[in-house]
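As structure tokens, the structure follows; a few thoughts come after it.
The values are calculated or read from the model by the stated rules, or taken from the named source; none is laboratory data. What you are looking at is a predicted structure, and each value in this text was computed from that prediction instead of being measured. Ideal geometry is used to build each Cβ from the backbone, glycine not excepted, and the neighbour counts take in all protein chains shown. Note: accessible area is taken over every heavy atom of the protein model, side chains too, but ligands, DNA and RNA are not part of it. Shrake-Rupley method; radii C 1.70, N 1.55, O 1.52, S 1.80 Å.
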Amino acid sequence: MKSRQRQRQRITALQRVLTDDSSSPRVRLAACLVLLFAQPVSRIVRMVTDDVVHDGQHVVLRLGDPPTPVPEPVAALLLDYLQALPGKTPAINQDSPRLVPGRRPSQPMNPGTLRDALRKLGVPAEKGRTSAIRQLVLQAPAPVIAQALGYHDKSTTRIATEAGAPGRTTHPATTHAERPPRTTRPAKDHTTRWPSPPQW
């Protein structure tokens with residue numbers, strides 16, 4: 001019951017973020033990355049604009065390998081944000097390659113500042129992220145989710161077990177950007193693709 005309640009809260013929060021035109025676009029985008037792709041704030045602030053790939057029809061994010069498809073209407077929000085970034089983001093360094101640039105040249109936004117902004121938007125970063133990853137591991141095998149989103153396989157496998165995924169204890173999962181890489185066995189299938197756009 002608690003799990004279902006958390007998922008309802010996540011979906012409600014995501015829907016609210018997508019329709020809230022009064023809030024900062026960069027905070028709304030960060031909220032979507034947390035709620036939809038379970039990305040930690042510490043990684044979001046290090047993302048660069050080249051992590052977004054648009055071929056004219058589809059939008060993907062380079063979170064892992066292969067890149068992850070971005071479903072609508074999040075894709076539209078992301079593209080609008082990128083288009084407005086150079087000229088409509090006051091008090092932010094306009095020459096920074098960062099997706100969420102800070103005030104100083106080449107510096108990302110302070111994680112604590114972004115975390116506070118998300119909280120004011122009604123999106124607790126850690127709770128939203130944990131809820132998202134628990135739902136994602138129910139939609140596809142944990143190793144697939146780990147590879148697509150840049151997580152450690154052991155983290156997603158553990159969360160899949162906690163969430164009751166078939167064939168698989170509650171701590172936020174860690175991405176490769178959050179801790180030094182460890183020696184792991186090579187993936188059996190390097191052509192694994194995201195099974196479908198994340199559901200919310």
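Residues in region 98-132 that are on the phi > 0 side of the Ramachandran plot and surrounded by 13 or more Cβ atoms within 10 Å (Cβ to Cβ): Gly122 alone.
Filter region 46-66 down to residues that are open to solvent by 50 Å² or more (accessible area, probe 1.4 Å) and assigned to a loop (DSSP other than H, G, I, E, B) and give me whichever is farthest from Leu82 (Cα to Cα). By that ranking, first place goes to Asp65. Within region 20-61, the set of residues being over 22 Å from Gln135 (Cβ atoms) and of a type in the set (Lys, Arg) comprises Arg26, Arg46.
The residues in region 110-140 that are modelled with pLDDT of 90 or more and assigned to a loop (DSSP other than H, G, I, E, B) can be counted, and the count is 5. Looking only at residues of region 17-45 that are under 21 Å from Leu136 (Cβ atoms) and basic (Lys, Arg), we find that the one that is surrounded by the fewest Cβ atoms within 10 Å (Cβ to Cβ) is Arg43.
Just name the residue that is modelled with the lowest pLDDT out of those in region 141-152 that are closer than 17 Å to Arg62 by Cβ and not in a loop (DSSP other than H, G, I, E, B). Among those that are closer than 17 Å to Arg62 by Cβ and not in a loop (DSSP other than H, G, I, E, B), it is Tyr151.
Applying the criterion of being open to solvent by 90 Å² or more (accessible area, probe 1.4 Å) and farther than 16 Å from Lys120 by Cβ to the residues of region 7-16, the residue that is modelled with the highest pLDDT is Gln15. Has region 153-162 got at least one residue that is open to solvent by 30 Å² or more (accessible area, probe 1.4 Å), modelled with pLDDT under 70 and either more than 17 Å from the chain's Cα centre (by Cα) or among the hydroxyl-bearing types (Ser, Thr, Tyr) (or both)? Yes: region 153-162 contains one or more residues that are open to solvent by 30 Å² or more (accessible area, probe 1.4 Å), modelled with pLDDT under 70 and either more than 17 Å from the chain's Cα centre (by Cα) or among the hydroxyl-bearing types (Ser, Thr, Tyr) (or both). Residue pairs whose Cβ atoms lie under 9 Å apart, separated by 6 or more positions or on different chains, with the first residue in region 70-86 and aromatic (Phe, Trp, Tyr) and the second open to solvent by 40 Å² or more (accessible area, probe 1.4 Å), are Tyr81/Pro25; Tyr81/Arg26.
Exactly one residue out of Arg6, Arg10, Arg28, Arg43 is touching a strand residue (DSSP E or B) at 6+ places or on another chain (Cβ under 8 Å) and part of a helix (DSSP H, G or I): that is Arg43.
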